Amino acid sequence: MSTQKRRNFKIEAFKHRVELDPKYAEKTWKLLEHAIHEIYNHNASGLSFEELYRNAYNMVLHKYGDKLYSGLVITMTWHLKEISRSIEAAQGGLFLEELNRKWEEHNKALQMIRDILMYMDRTYVPSSNKTPVHELGLNLWGDNIIHSGKIQTRLLTTLLELVHKERMGEVINRGLMRNIIKMLMDLGSSVYQEDFEKPFLEVSATFYRAESQQFIECCDCSEYLRKAERRLNEEMERVSHYLDIKSEMKITNVVEKEMIANHMQRLVHMDNSGLVNMLVDDKYDDLGRMYNLFRRVPDGLSTVRDVMTSHLRETGKQLVTDPERLRDPVDFVQRLLDEKDKHDKIISLAFNNDKTFQNALNSSFEYFINLNPRSPEFISLFVDDKLRKGLKEVSEEDVEIVLDKVMMLFRYLQEKDVFEKYYKQHLAKRLLSGKTVSDDAERSLIVKLKTECGYQFTSKLEGMFTDMKTSQDTMQGFYASQSAEMGDSPTLAVQVLTTGSWPTQPSTACNLPAEILSVCERFRTYYLGTHTGRRLTWQTNMGTADLKATFGKGQKHELNVSTYQMCILMLFNSVDHLSYKEIEQATEIPASDLKRSLQSLACVKGKNVLRKEPMSKDIAEDDAFFFNDKFTSKFFKVKIGTVAAQKESEPEKQETRQRVEEDRKPQIEAAIVRIMKSRRVLDHNNIVTEVTKQLQSRFLPNPVVIKKRIESLIEREFLERDKVDRKLYRYLA
């Protein structure tokens with residue numbers, strides 16, 4: 001097999017050099033120049049774009065790109081100067097229309113020229129670092145038209161005049177405005193900003209500064225805010241119709257600064273129409289408008305919040321310190337709840353449920369509720385009123401709403417342990433008198449208190465309910481074992497109360513009637529026989545009795561009275577009249593309770609089963625009492641309450657406060673020991689801070705009391721002072 005020689009092919013250059021016509025470039029450019037003139041003169045329909053493209057292509061190919069590019073600049077500049085003179089000649093409102101028409105024509109021409117010179121745009125322009133044809137056309141338009149001495153100022157003035165006319169309510173050609181503004185934006189963001197936006201913002205600031213001053217002098221706050229809101233919306237609408245979207249924030253900032261930020265203080269404090277008036281009159285729309293406008297400016301919402309807080313604290317302070325209001329605790333608490341509901345609604349409807357406003361509301365309520373040391377007592381009295389009678393025939397949902405509102409006020413209390421003391425007293429009276437509207441409502445409130453403050457807070461309250469249930473079972477057992485022996489003896493219902501769970505006070509036992517005493521002794525024997533190691537003490541100050549009484553003409557009634565009142569009335573079975581001293585000696589009821597009981601029996605119209613001589617509202621020690629044979633009532637059952645102040649008297653108040661202070665001592669000591677056990681060594685100030693933090697959910701401990709408890713613990717050798725630094729304490733294990 002033979003191998004063939006591989007043949008190499010070679011392409012050789014032309015033997016004869018192609019000579020170009022020396023006037024080729026000039027002739028070709030003349031053709032292209034003529035075409036550009038025809039395009040600007042609207043005679044492009046007779047041109048062969050294919051031939052023109054080929055001519056431009058060949059010029060670049062033969063290294064005449066420079067001549068082509070510079071010729072284009074000269075030709076376009078000449079035409080734009082002609083256009084400039086045409087625009088300048090336009091009169092009045094035709095000026096913008098002429099400018100817009102010429103701009104559209106220039107853009108069309110530029111598109112055709114760019115198509116013809118496409119090859120130059122792709123090759124010569126990048127390699128020579130020249131500006132592309134389209135961009136060149138825009139730059140030349142900017143230099144020769146927009147920045148022309150006679151057009152530049154006239155254009156800006158015309159645009160600003162149109163904006164002003166629109167602000168004053170006139171209708172303008174928004175489409176034309178949009179086209180002109182878009183032209184400026186197409187020429188580059190710097191052209192739009194320098195030639196229109198900056199002056200526009202400056203003129204707007206001056207306009208709104210003057211207008212806001214005019215409005216603030218003649219309008220009330222609500223009207224001013226409506227005008228400011230309308231202006232803000234107008235500017236945003238203006239941007240959406242014919243300005244650059246990036247201008248929206250800038251122009252709204254101008255309106256906000258001139259119309260809102262510069263007048264904030266004057267607006268919120270405006271006489272008869274400012275923020276306080278809006279709050280008082282529940283002007284939700286105006287408050288919502290103020291919130292939405294003020295939130296747009298720095299420190300706007302904090303200004304509104306501060307004024308609201310100041311007003312709330314002042315109103316609340318007047319409410320809790322007004323002696324007239326303090327006469328009725330239920331009304332006092334209801335007014336607090338109404339005030340809270342009112343401002344909750346404002347924050348919900350007008351302030352967009354803003355958390356900072358809710359916090360301000362809560363801190364204000366906490367501030368003024370605790371200005372009145374009797375707030376815990378009054379809140380407990382309010383609960384007592386609602387759970388006795390106020391929630392009859394009310395749905396469970398409504399009961400829950402009332403209880404939740406009470407818990408809300410309870411959270412504001414700094415002395416929660418004082419509330420607990422009063423609540424326990426009032427609950428005890430409700431349970432023992434059977435006056436509670438609903439056990440479910442009572443238990444629901446205890447569950448809420450337990451969730452809020454823990455088991456320790458409610459353990460004794462729950463113990464009271466347990467005692468009531470146990471007492472029912474005990475009485476059933478007692479009557480089952482004594483049924484044969486009871487005969488015609490009075491019916492006895494005993495509530496056995498665990499000492500410690502109930503707020504019982506040491507009371508002097510009164511002399512019970514013999515009929516009652518015999519039944520009581522039987523119960524004592526039965527109870528102590530079934531429960532070893534216990535002791536019973538009769539709390540005669542807490543009981544009630546039902547008596548059957550016969551008056552003149554054989555009229556019979558059933559009287560519901562207290563145990564003390566029963567002891568007094570039973571004396572009149574054997575005598576018709578007794579002196580105060582004789583009643584006191586026979587019953588041994590404490591003087592204050594005796595006077596209140598006699599007052600109820602003899603001085604209350606419609607309940608006066610006894611007659612007093614001399615007749616007066618108060619009981620004196622030389623008074624005489626008679627069985628009132630002429631007593632009549634349209635009711636068979638007559639309830640005779642004991643005349644008693646709903647609120648505590650001053651001595652009772654002092655006694656309750658003293659008991660609270662005594663109860664706080666072991667709690668403070670326990671907190672100190674817990675802290676020192678974990679920290680071992682701590683200085684005085686830190687102990688006070690830690691103890692306050694631990695106990696503030698129940699009460700705010702006094703630093704002086706904390707110091708005394710520390711001294712007591714040192715004496716009992718739980719702690720010791722550091723030998724070098726006397727402010728340091730050490731825990732002794």
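The values are calculated or read from the model by the stated rules, or taken from the named source; none is laboratory data. Note that the structure is a prediction, hence the values are computed from the model and not measured. A quick note on method: Cβ atoms are made from the backbone with ideal geometry, for glycine too, and the neighbour counts reach across all protein chains shown. Keep in mind that these areas ignore ligands, DNA and RNA; they rest on the heavy atoms of the full protein, side chains included. Shrake-Rupley method; radii C 1.70, N 1.55, O 1.52, S 1.80 Å.
So the values come out like this:
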item: Given (1) touching a helix residue (DSSP H, G or I) at 6+ places or on another chain (Cβ under 8 Å); (2) of a type in the set (S, T, N, Q); (3) without any contact (Cβ under 8 Å) to a residue 24 or more places away in the chain, index of the condition THR206 fails; result: (1)
item: Some residue of the stretch 129-144 being part of a helix (DSSP H, G or I), surrounded by 15 or more Cβ atoms within 10 Å (Cβ to Cβ), among the polar types (S, T, N, Q) and in contact with a Lys or Arg (Cβ under 7 Å, 6 or more places away or on another chain); result: yes
item: Residue match in the stretch 421-444 (condition: assigned to a loop (DSSP other than H, G, I, E, B), aliphatic (A, V, I, L, M) and open to solvent by less than 40 Å² (accessible area, probe 1.4 Å)); result: no
item: Test result for LYS340, touching a residue at least 60 places away in the same chain (Cβ under 8 Å) and either under 22 Å from LYS416 (Cβ atoms) or open to solvent by less than 80 Å² (accessible area, probe 1.4 Å) (or both); result: yes
item: GLU717 being over 39 Å from the mean Cα position of the chain (by Cα) and part of a loop (DSSP other than H, G, I, E, B); result: yes
item: GLU82 being open to solvent by 70 Å² or more (accessible area, probe 1.4 Å), over 19 Å from VAL191 (Cα atoms) and part of a helix (DSSP H, G or I); result: yes
item: Residues (loosely packed, with under 14 Cβ neighbours inside 10 Å and over 30 Å from GLU452 (Cα atoms)) located in the stretch 684-729; result: GLU711, GLU715, ARG716, GLU717, GLU720, ASP722, LYS723, VAL724, ASP725, ARG726, LYS727
item: Residues satisfying the stated conditions in the stretch 428-438, i.e. touching a residue at least 12 places away in the same chain (Cβ under 8 Å) and out of contact with any Phe, Trp or Tyr (no Cβ under 8 Å at 6 or more places or on another chain); result: LYS429, ARG430, LEU432, SER433, LYS435, THR436, VAL437, SER438
item: Which numbered condition ILE87 misses (of (1) surrounded by fewer than 17 Cβ atoms within 10 Å (Cβ to Cβ); (2) farther than 25 Å from SER240 by Cβ); result: (1)
item: Selection status of TYR367, in a helix (DSSP H, G or I), open to solvent by 30 Å² or more (accessible area, probe 1.4 Å), aromatic (Phe, Trp, Tyr) and under 23 Å from GLY274 (Cβ atoms); result: yes
item: Which listed residue, of THR544, THR540, is closer than 18 Å to PRO490 by Cα and open to solvent by less than 30 Å² (accessible area, probe 1.4 Å); result: THR540
item: Residue in the stretch 316-323 that is in a helix (DSSP H, G or I), under 14 Å from VAL280 (Cα atoms), in contact (Cβ under 8 Å) with a residue 40 or more places away in the chain and open to solvent by 60 Å² or more (accessible area, probe 1.4 Å) present; result: no
item: Residues of the stretch 261-286 satisfying the condition of being among the β-branched types (Val, Ile, Thr), open to solvent by less than 60 Å² (accessible area, probe 1.4 Å) and over 17 Å from SER212 (Cα atoms); result: VAL276
item: Filter result (more than 25 Å from the chain's Cα centre (by Cα) and either open to solvent by less than 50 Å² (accessible area, probe 1.4 Å) or in contact (Cβ under 8 Å) with a residue 60 or more places away in the chain (or both)) within the stretch 324-337; result: LEU326, PRO329, VAL330
item: Considering residues of the stretch 370-394 that are open to solvent by 50 Å² or more (accessible area, probe 1.4 Å) and over 27 Å from the mean Cα position of the chain (by Cα) only, the residue modelled with the highest pLDDT; result: ARG388
item: Enumeration of residues in the stretch 573-590 that are under 58 Å from the mean Cα position of the chain (by Cα), open to solvent by less than 50 Å² (accessible area, probe 1.4 Å) and either farther than 26 Å from THR550 by Cβ or not hydrophobic (A, V, I, L, M, F, W, C) (or both); result: PRO590
item: Restricting the stretch 611-637 to residues that are of a type in the set (A, V, I, L, M) and free of Cβ contacts under 8 Å to residues at least 40 places away in the same chain, the residue that is most open to solvent (accessible area, probe 1.4 Å); result: MET615
item: Unmet requirement for MET570, which otherwise passes all of (1) more than 59 Å from the chain's Cα centre (by Cα); (2) assigned to a loop (DSSP other than H, G, I, E, B); (3) not polar (S, T, N, Q); result: (2)
item: The lone exception for PHE200 - which of (1) farther than 19 Å from LEU99 by Cα; (2) surrounded by 17 or more Cβ atoms within 10 Å (Cβ to Cβ); (3) over 43 Å from the mean Cα position of the chain (by Cα) it fails; result: (3)
